[in-house]
Amino acid sequence: MKKPNENNSRREFIKQSSFAGIGAILSTGMAPTFFTKGADRASVPAILGGEASWSKRKWPQWPEWNAETDEEQLLKVIRSGVWSRSKVVSEFEAEWAKALDVSRCLTVVNGTNALEVALAQLGVAEGDEVIVPPYTFIATISAVLANGAMPVFVDVDPETFQIDPDKIEKKITSRTKAILPVHILGLPADMDRIMKIAKAHDLLVLEDACQAHLAEIDHVKVGTIGDAGCFSFQNSKNLPIGEGGAIVSNNSEFIDRCFSYHNFGFPYGSAVGTVGSGSIMPGTKVRFSEYQAAIGLAQLKRLDGQTTTRNVNAAYLKSQIKDIPGIEPYRLYDNVTRGAFHLFPFRFKEDDFKGLSRGAFLKALRAEGVPCSSGYKPLNDQDYLNQAFQSNRFKQAFPKNMLNFDSYVEQNECPENDRLCNNEAVWFTQNMLLGTKSDMSAIASAIEKVHANAEQIKNSNK
Ligand SMILES: *Cc1c(COP(=O)(O)O)cnc(C)c1O
């Protein structure tokens, strides 16, 4: 049999081996060597001493940096001595707004603060409830708590990894102020449905697009569909600056208030207050700096091309692994015109891998030279919530029964999310999707190899 990455025989091979049954081949006394000619070492899983499927052991570096094209503006900023917020920050904000086709953008120190500031200026406050998905990074939830509001968890659709719109309405109460959908993993949430629900119940929508730079629904960029959207420019994110964040919106008056708040509450734009007054609102200081903006402008130049590469590679990788029994790649909603693919997710089904655990699968895959992780842990039953509930702020804002942690945990159960977190989810990081087509084939071969040898790997207890 030919190596699958030499031609397009992989799909066929998978079909053959699942129809004929791997057992049938094994019973002829052949070694389980489906991927290479004969019983050479390449067919033995690396974790059992075989050769790794992907032995280059070098994935595209992240973040990318090119001294020639990227350093001129940064050096200019550094040498100018103007390091605090000024023209370059404004330029970056204008460029990011343009890239998203949204009227306004305000940068802040990071994505977490973007969410905190946006929620505050949308008017989310003590005593409110905010609907959130449990399958997210902790910052989504901590931004809600930071405003004295109660996160209400709505379970995910495991096929898309996104908040399940079917389950939102059941969770709306008289306290619900906003829905906070997260385009998690860089895959768009079902915004059509979410916006309809929000409209029907007069709720605000803040999009956490911290992983979803340039993702689109019907050619509209995510982060610009709700009342406001938030982005992160942390080092791992698709637009990396080290640290940084942005709030975007078509509501100019809202962005003016965010600006004022992010700069000590000083007057800004339409948020001018009385002439001669100092601060017009209680504010803080979470300003972006000029050298961050200069790095952002350099990174922004490559974002569109990288996003295209990630989309092409993700689609190809998905096509190469979707027929492997026990591997269920992400599904995009029908109206998604572009993903951001901050991560490439699939679900791993232990039963189709002869009972091999996800942990053992990940270890075997890593041995093949393919970095992977199990992703998020559940956030909806953790003690940080209880600690917030026990604060004076929460005790004053909510009735006692709402702060009972045991009943909170019970009301916020998310069994689909638990299964993703605890048993099924597997991620590849976005930089791997910047590799070549043959890198993607190598990932698929590695998964196939682990699948074909699942029983041996399991019995080896490695
Ligand atoms: C990264 C991230 C944040 C927070 O962004 P920081 O810039 O790290 O503060 C918020 N939400 C999600 C979904 C994220 O991935």
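A few points about this structure:
- Shape of the range 296-424, Cα gyration tensor, a/c cut at 1.5: oblate
- Principal-axis tilt of helix 67-80 within the chain, Cα atoms, nearest 10 degrees: 20 degrees
- Axis of helix 87-100 versus longest Cα principal axis of the chain: the two differ by about 60°, to the nearest ten degrees.
- Förster radius 25 Å - calculated FRET efficiency between residue 170 and residue 422 (Cβ-Cβ, nearest 0.05): 0.60
- Antiparallel content of DSSP bridges confined to the range 153-261, in %, to 5: 55 percent
- For the chain, the antiparallel share of DSSP beta bridges with both residues in that region comes to about 65%.
- Overall shape: oblate for the range 325-365, with the ratio a/c of the largest to smallest alpha carbon gyration tensor axis at 1.5 or above and b/c at least equal to a/b.
- Entries in 177/237; 58/354; 87/285 that, when Cα-Cα distance is taken, lie over 22 Å: 177/237; 58/354
- Checked against a 21 Å cut-off, the cross-linked pairs 56/301; 437/462; 318/437; 56/437; 167/196; 170/196 give Cα-Cα distances beyond that limit for 56/301; 437/462.
- For the chain, size of Cβ-based charge dipole, Lys and Arg +1, Asp and Glu -1, in debye: 1120 debye
- Viscosity 0.890 mPa s, 25 °C: Kirkwood-radius Stokes-Einstein D of the chain over Cα pairs, µm²/s: 103 µm²/s
- Theoretical FRET efficiency, 1/(1+(r/R0)^6), r = Cβ-Cβ of residue 413 and residue 236, R0 41 Å, to 0.05: 0.85
- 0 to 90° range, to nearest 10: angle between helix 111-122 axis and the chain longest Cα axis: 40 degrees
- Note that the range 241-370 shows a convex hull volume over its alpha carbon atoms of 192 Å³ per residue.
- Here the gap between residue 456 and residue 436, fully extended at 0.36 nm per residue and compared with their Cα-Cα distance, gives a gain of 4.1 nm.
- The 3J(HN,Hα) values that the Karplus relation (6.51, -1.76, 1.60; θ = phi - 60°) gives for the range 290-300 are, in residue order, 4, 6, 4, 4, 5, 5, x, 5, 5, 5, 4 Hz. Gly and Pro appear as x.
Coordinate-derived values only; no laboratory data. What you see is a predicted model, and the numbers here were worked out from it, not measured in a lab. Here Cβ is always computed from backbone atoms with ideal geometry, including for glycine, and neighbour counts include all displayed protein chains.
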